[in-house]
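Notes follow once the structure below has been shown.
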Amino acid sequence: MAVVFVRVTCAFVCLLGAGLALVTPGAARERWTQQQARDWYAQQPWMLGANYVPATAINQLEMWQADTFDPARIDLELGWAEAIGMNTMRVFLHDLLWQQDAPGFRRRIDIFLEIAARHHIRALFVLFDSVWDPDPHLGPQHPPVPGVHNSGWVQSPGAAALADPSQYPRLESYVRGVVGSFAGDPRILGWDVWNEPPYSDEVGGSYASLEAPHKGRRVRVLLPKVFRWARAAGAMQPLTSGLWGESWEGSERVSGTPLIQLEESDVTSFHSYDQPAAFERKVVVLSRYHRPLICTEYMARSAGSTFENTLPIARKHGVGAINWGLVQGRTQTIYPWDSWQKPYDREPIPWFHDIFRSDGRPYDPKETALIRQLSVNRAAD
């Protein structure tokens with residue numbers, strides 16, 4: 001463990017040497033230059049990990065609320081991740097948790113980071129998320145809908161808060177509070193400020209009727225503010241927001257929300273559940289921005305995105321790789337997206353996401369062997 005903290009601390013010292021001054025809350029730093037971002041990335045191990053929620057939680061709220069926060073389960077599962085060479089977990093937070101009990105939420109985040117550090121894992125925390133149920137509620141969460149992918153995941157902020165500008169100071173307090181509490185913490189890899197912000201006002205999907213009106217426009221106004229709030233809170237770690245969908249891949253000028261993501265992020269992140277040729281094409285397109293690349297979502301077996309065909313490409317290009325899902329559980333992301341139209345009455349073959357069964361057995365031992373092999377080989381590069 002000591003070796004990891006020495007390496008991470010050195011990374012922060014190197015950042016200062018590269019021209020990044022220590023920032024105090026309230027004095028927002030500038031976006032990193034390309035060189036500062038590359039210098040930071042050069043000090044990191046190859047980022048290899050998963051999007052993480054414990055098997056006992058259906059969503060972010062159930063993961064973090066006091067009554068259902070489960071340190072023992074988290075410790076067990078992160079041990080499985082460590083055993084196959086993973087060093088990064090992307091973990092979703094929620095604004096309602098800060099509103100409910102800021103000191104308690106801060107304390108539970110610290111406990112999570114302590115557990116992760118024991119397993120030589122750092123966190124990439126997600127602040128906001130525009131995907132799935134737009135009507136989040138504190139307290140007990142509903143049980144999983146049988147056979148349905150991510151049937152209880154919730155957005156942050158919810159539609160009511162997004163549609164009400166009077167709640168934006170509360171959202172700012174959340175961002176400044178969480179980031180400010182851990183702004184210089186070497187156990188945190190970075191801050192993913194907004195997961196899959198909408199690129200259009202035309203929002204579809206199973207929750208379309210519940211979404212905030214003009215959702216895309218509202219998020220476009222908020223997104224640059226969130227970057228500013230996080231920087232003003234003193235974040236020494238990099239900020240990012242992952243590109244997704246297809247609108248940013250063409251040769252024409254990028255505009256709208258993808259442009260905000262590209263222009264505000266210290267390091268560039270993206271999602272790709274594509275087959276390998278399309279994944280590599282995205283890497284090549286994004287390389288023109290001359291910033292480090294992290295793929296913060298990939299791996300959907302029946303869609304053609306697998307560890308076997310994607311991880312070697314990511315390693316070749318030095319792209320961080322964070323797949324969706326670690327352990328089979330209440331999120332039910334072993335089921336594919338189309339389970340919303342036709343729920344499954346048995347375990348799908350193959351699983352869509354996730355690596356381990358709930359008892360710790362690998363879904364596919366060949367996959368875990370490959371992940372471990374690539375993590376060791378990369379460390380030796």
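Read-outs: derived from the displayed coordinates by stated rules, not from any lab. Owing to the predicted nature of the structure, the values given are computational and were not obtained by experimental measurement. Backbone-built Cβ (ideal geometry, glycine too); neighbour counts: all protein chains shown.
A few remarks follow.
- Amide hydrogen neighbours beyond the local backbone of Gly234, cut-off 5 Å, H modeled: Gly26, Arg29
- Charge-dipole axis of the chain as Lys and Arg at +1 and Asp and Glu at -1 on Cβ define it, positive-most pick from Ile371, Pro143, Trp32: Trp32
- Gained length - Ser287 relative to Lys225, 0.36 nm times residue gap less alpha-carbon distance: 19.7 nm
- Cleavage-rule hits (trypsin sites (Lys or Arg not before Pro)) in segment 237-304: DSSP loop, at most 10 neighbouring Cβ within 10 angstrom: Arg253, Arg288
- DSSP beta bridges fully contained in segment 2-380 are about 10 percent antiparallel.
- Over the chain: helical MRE at 222 nm, DSSP H runs n ≥ 4 each giving -39500 (n - 2.57), nearest 500: -12500 deg cm²/dmol
- Here the Karplus curve 6.51 cos²θ - 1.76 cosθ + 1.60, taken at θ = phi - 60°, turns the phi angles of segment 319-328 into couplings of 9, x, 10, 10, 7, 7, x, 9, 10, 4 Hz, with x standing for Gly and Pro.
- Evaluated at q = 0.07, 0.09, 0.14 Å⁻¹: base-10 log I(q)/I(0), Debye formula over Cα of segment 2-380: -0.27, -0.47, -1.30
- In segment 258-321, GluC sites (Glu not before Pro) in a DSSP loop with at most 10 other beta-carbon atoms within 10 Å: none
- Residues His137 and Ala102, FRET efficiency given R0 of 25 Å [Cβ-Cβ distance, rounded to 0.05]: 0.85
- Sequence-distant residues sharing a close amide H with Leu243 (under 5 Å, placed H): Ser269, Phe270, His271
- Placing +1 on each Lys and Arg Cβ and -1 on each Asp and Glu Cβ, with no other charges, gives the chain a dipole about its Cα centre of roughly 920 debye.
- Global form of segment 237-381, assessed from the alpha-carbon gyration tensor, a/c cut-off 1.5: oblate
- Residue exposure proxy: Arg107, Arg73, ordered by other Cβ atoms within 10 angstrom of their Cβ from fewest to most, comes out as Arg107, Arg73.
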